[in-house]
Amino acid sequence: ILYANFNKPEVTNAFGPKYYYPLNTFEKTSSYALLNSKPLVFTDETPAVKPLRPTESIVVNAVINGDQIVLNPQITDWSSVEGKVAYITVSNLNDMADNRQQSPITWSALVNKNPVKWFVEGQNDVVSLVKRTNENLSFDITIINRGGTPQPYTVELPSWLSLPASSGTIAPNNKTTLKATVDSDLAIGNYNVVLSLATSYGYNEKIQLDLRVLEKEPILTLDPSKFSQSMNIIGKIKIGDVFTDDLYDKAVAIVNGEVRGITNVVYDSSFKEYFVFLTVYSNQVSGEEMSFFIWDASDGKLKEAMLDSKFTMPYVPDQILGTYTKPALFKNTEITGQQIIFNQGWTWTSFNVTDARFSNLNGLTKTLTLNTSDLIKSNAPALFDAYEVNTSDPALSGWSGTVSSNGGVSNNNMYKVKLTTAQKLKIKGVPVDLNNWSFNLTQNWNWLPYVVSKNIPVTDALANLNASDGDVVKSQSLFAIYSSLVGWKGSLTYLKAGEGYMLNTGVAQKFTYPEYLNRLNTKTNSTSGIKVNSTGTSTKTTTIVASEETPLLSKDYAKFANTMSAVVKLPEGYQDLSFYNELGELRGNSQTQNVKGVDLAFITIYGDKAEKLTAYIGSGSNLQATAKTINFSSDGIMGSVAEPVVISLGTEKVTVFPNPFFRDFEIIVDSKEAGDAKILIYNMFSQIVFESDAKLNVGVNTFKVQPAIPAGGYILKLKMANKEIFQKIIKN
C-alpha cells in the first residue's frame, strides 16, 4: 500500500501551484520488488482546474505482476483531480535478478474520467470567431455522453450568447448538438470568455471563446484597370501612439473625392513587422493632390490621416515613397466621420462629432435631396425649421425657422427630422469628449442625444443614470423599462451610434455617459503635432465615407413622429402582438421575450392623434382580434415588468376559412347575441374595397363572401352593435 501525503505546494507556474506528494511508506508486496519514497506529482494544466486540498492524503494501491506495476489511487471524488496530470516516478527498483534500477523513470497520466465532454464543430481548443455588427453568427456546440447513465447538464454563457435551451439531459452513449447564436447588435470589440458546462460529475468542462466583432467596413470601390499610371507607398500605420498590428486596418488614398488606393495591413515575416503596401492610381502625370485616411478596425471608424506629417501630397507617377528600413508613416488626426441614415418620414437622430457646418443648416445638408415641408425639430428648447423649395430661383431654397436662428444644430440635442426621401448624410469632425459632455435631465420626458461613437448595451450606456422603477428609455422603434429587481428590460437592448432617444425619468439630474465608452477597444489617442483650425477640423476638407449602417424604419411607422410604449402579457401560447386602428391600419407589432420566467411583449405603438386601437394576437393568416382596446397617447406608458397589461381573447369567436382564399371564403361567427352586422374589407391603403350587410343570430353564424378584389393582403372588419372584430385575410 502506498500512502501519498498532500503537502503544501513547492512549485508555482502560470496556471497555479504544482503539488508534490511524497510516498512516505511502502509495504513490500513481493520478495523481488521494492519502491522507495519518490514523488507522485499532480499538476494543474488549465486555470479552471479545482485544486486539491494540500492537507488531504490519498491511498494508492500497488499491484506488481511480473514486469508490471499497477497503481490504483483510492480517490472518491475524481472531479477534484479532473483535468490534472499525474506524474509517477519509479526509482531504486530491483528486477527479478536483484539488479537495481540505474535511473528513475517518470510517467504522466491525464485524469480524464468525466463522462460528458463538449466541443465546437470545426474548432480547436480555443474557439476563434469573427463577425460584423448587425450580422448574424451561429455555431454548433456538440455535447457527448460517453457514460452508461443519463447525464443532466447546464450550460453557462455570457448574456450576448444564447442557446435554444441552456439545460437538458443526454442519454447514455449519445450526443446532442446545440446552436449558439451571438447577439447581432453586439458592440464592436474583442470578447474573450470561458463557456462552462456543468454536470452531476462535479467538474465544469470549459471552452475558451475568442470573439472579435468588427464594424461593417465602408464601401470603398476601386477599379485599377481604369487607370494608366500608378505610384507606390511602403508605409506603416500609427493610430495615436501605437503602430498597428491589426490586419483589419487599412490605408486609403483619395484624389478629388475619389478612391485611388486602398490596402490592408500585412505582416512581413522577413522583417517581423507590419506594413502597408499602398498603390495609388491615376490617369494624370501631374497636377493631382492625394489625401489619406485610415480605417481603424478596432474603433470602427474611417479617420483622417497625414502621411509623413502632411495632409496632402502631390501625385507622382512611378514614384516609390518609403522603404522597408524607413517606411512612410500614416498617422491619424482627431477628425473622424459619422453617417446619419434618414428614413422616408421621421428619423430620431443625434451627432457624436462636431462638424464645422453645424451652424449652417443649408451647408450641412447641401448633399441631401430636400423638398418643401421637410422638417427638423428639437426639444428643450423647442425649436423648429422647415425647408422650402423656391422653384423660380433654386438658390433661394433653404431652411428657415428657430433652429437656424438659434445657431443651428449641435451634439447637445436630439433631433426629429422628417424627409420626403430616404437618404444618408455624411459628416465629420472631432468626436465628443465624454469627459466634458453632460446633459441636464428634467423630471418626465427628455430628448436625449446619444454622443457615444459605437453601439453600447443599455445597461452600460446608462450606468451613470440615477434610475428608479418605471423609468423608460426609447428609440423610434424600441424601448426598455427599468425595474430595481431586474434592471433594464425590453425590446431596446443597445443604444446605437447616430440614433436619438427619449428618456423618462422620475428624478431630475445631471447625466453623463461613462467616459470609457469612447475608448473601448481603441488604440491610445494622441493629438500632438496635429494642426487644427478654430472649428476643430483639419485645414484640408475631404469627404469622409463612414460605415455605420442601421436598417430603415418601415414607411408605415416612419410617417409618425410620436410613439407610446406598452408592456403586455399575452394569452398562453401566443407570442405575436399587433395593434390596428378602426380602419385596419397597423400601428405597432412585437414579439414576446422571457423576463424572469414570464413572457412579455414590449411593444412600440405609433401615431399622431388620439384614436382607438385594438390588440391582435397571432401572425399572418392566424391573426385574431382580442377584447383589448386602448387609446393612443403620445409618449404614453402602459404597464410595467411587475404589472403588465393583460390581454385576453375576445368573447366572440370568429373563423375565416379558407385563408388564404382563391375566389370566396366563409366567415363563421359564434355570437352571444343577435343583431345587425356589417362586413367590410379594407386594402392596405385603408380603402374600403368590399361592403355587405349581415344578420347575426345567437350561436354559430356562417356567411359566404365572394369579393371581387385583386390578389394581396386585406383587413376584414366585422362590425356589430357594440364591438368590431378585425381579421387579416389574404387572396391568392
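With respect to VAL276, determine if the residue is assigned to a strand (DSSP E or B), among the β-branched types (Val, Ile, Thr), touching a residue at least 24 places away in the same chain (Cβ under 8 Å) and closer than 17 Å to THR336 by Cβ. Reasoning before the result, please.
Details: assigned to a strand (DSSP E or B): yes; among the β-branched types (Val, Ile, Thr): yes; touching a residue at least 24 places away in the same chain (Cβ under 8 Å): yes; closer than 17 Å to THR336 by Cβ: no.
When the stated conditions are applied, VAL276 does not pass them.
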Members of region 136-168 that are open to solvent by 30 Å² or more (accessible area, probe 1.4 Å), among the β-branched types (Val, Ile, Thr) and under 22 Å from LEU211 (Cβ atoms): THR154
In region 445-462, the residues that are assigned to a strand (DSSP E or B), modelled with pLDDT under 95 and surrounded by fewer than 22 Cβ atoms within 10 Å (Cβ to Cβ): PRO457
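Of the residues THR365, THR336, THR323, THR402, which single one is modelled with pLDDT of 95 or more and under 35 Å from the mean Cα position of the chain (by Cα)?
On the way: THR336 fails: modelled with pLDDT of 95 or more; THR323 fails: under 35 Å from the mean Cα position of the chain (by Cα); THR402 fails: under 35 Å from the mean Cα position of the chain (by Cα).
Among THR365, THR336, THR323, THR402, only THR365 is modelled with pLDDT of 95 or more and under 35 Å from the mean Cα position of the chain (by Cα).
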Filtered residue count, region 397-444, keeping only those that are out of contact with any helix residue (DSSP H, G or I) (no Cβ under 6 Å at 6 or more places or on another chain) and part of a loop (DSSP other than H, G, I, E, B): 19
Odd one out for LEU478 among (1) farther than 20 Å from ALA187 by Cα; (2) out of contact with any Lys or Arg (no Cβ under 6 Å at 6 or more places or on another chain); (3) at pLDDT 95 or above: (1)
Region 88-103 - residue that is open to solvent by less than 80 Å² (accessible area, probe 1.4 Å) and touching a residue at least 24 places away in the same chain (Cβ under 8 Å) and, of those, nearest to the chain's Cα centre (by Cα): ILE88
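Can you tell me which residues in region 583-612 are among the hydrophobic types (A, V, I, L, M, F, W, C) and buried (at least 21 other Cβ atoms within 10 Å of the Cβ)? Spell out how you get there, then give the answer.
Looking only at region 583-612, we keep the residues that are among the hydrophobic types (A, V, I, L, M, F, W, C), and these are 583, 586, 595, 598, 600-603, 605, 610.
Residues satisfying the conditions are LEU600, ALA601, PHE602, ILE603, ILE605.
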Tabulated pairs, region 404-423, first closer than 12 Å to PRO381 by Cα, second open to solvent by 40 Å² or more (accessible area, probe 1.4 Å) and assigned to a loop (DSSP other than H, G, I, E, B), C-beta under 8 angstrom, 6+ apart or interchain: ASN406/PRO381; ASN413/ASN379; MET414/ASN379
Given (1) under 30 Å from MET414 (Cβ atoms); (2) open to solvent by less than 30 Å² (accessible area, probe 1.4 Å); (3) not hydroxyl-bearing (Ser, Thr, Tyr), number of the condition VAL280 does not satisfy: (1)
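Need at least 3 residues that are without any contact (Cβ under 8 Å) to a residue 40 or more places away in the chain per element, so show me which strands (runs of 3 or more DSSP E) inside region 295-393 make the cut, counting only ones lying wholly within it. Step through it out loud before you land on a result.
Numbers: elements: 301-307, 312-314, 328-342, 345-349, 375-378, 383-388.
The qualifying strands (runs of 3 or more DSSP E) are 383-388.
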The one condition in (1) modelled with pLDDT of 95 or more; (2) under 18 Å from VAL507 (Cβ atoms); (3) within 25 Å of the chain's Cα centre (by Cα); (4) open to solvent by less than 30 Å² (accessible area, probe 1.4 Å) that LEU441 fails to fulfil: (3)
Odd one out for THR133 among (1) closer than 29 Å to ASN518 by Cβ; (2) of a type in the set (S, T, N, Q); (3) open to solvent by 50 Å² or more (accessible area, probe 1.4 Å): (3)
Residues being among the charged types (D, E, K, R) and either in contact with a Leu (Cβ under 7 Å, 6 or more places away or on another chain) or at pLDDT below 95 (or both) - total across region 250-259: 1
Filtered residue count, region 221-273, keeping only those that are closer than 24 Å to GLU289 by Cβ, open to solvent by 10 Å² or more (accessible area, probe 1.4 Å) and among the charged types (D, E, K, R): 7
Residues being within 40 Å of the chain's Cα centre (by Cα) and either in a strand (DSSP E or B) or polar (S, T, N, Q) (or both) - total across region 688-716: 5
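The values are calculated or read from the model by the stated rules, or taken from the named source; none is laboratory data. Not measured: the values here are computed from a predicted model. In this analysis, Cβ positions are derived from the backbone assuming ideal geometry, glycine residues included, and neighbour counts consider all displayed protein chains. The area values use the complete protein model at the heavy-atom level, side chains included, leaving out ligands, DNA and RNA. Shrake-Rupley method; radii C 1.70, N 1.55, O 1.52, S 1.80 Å.
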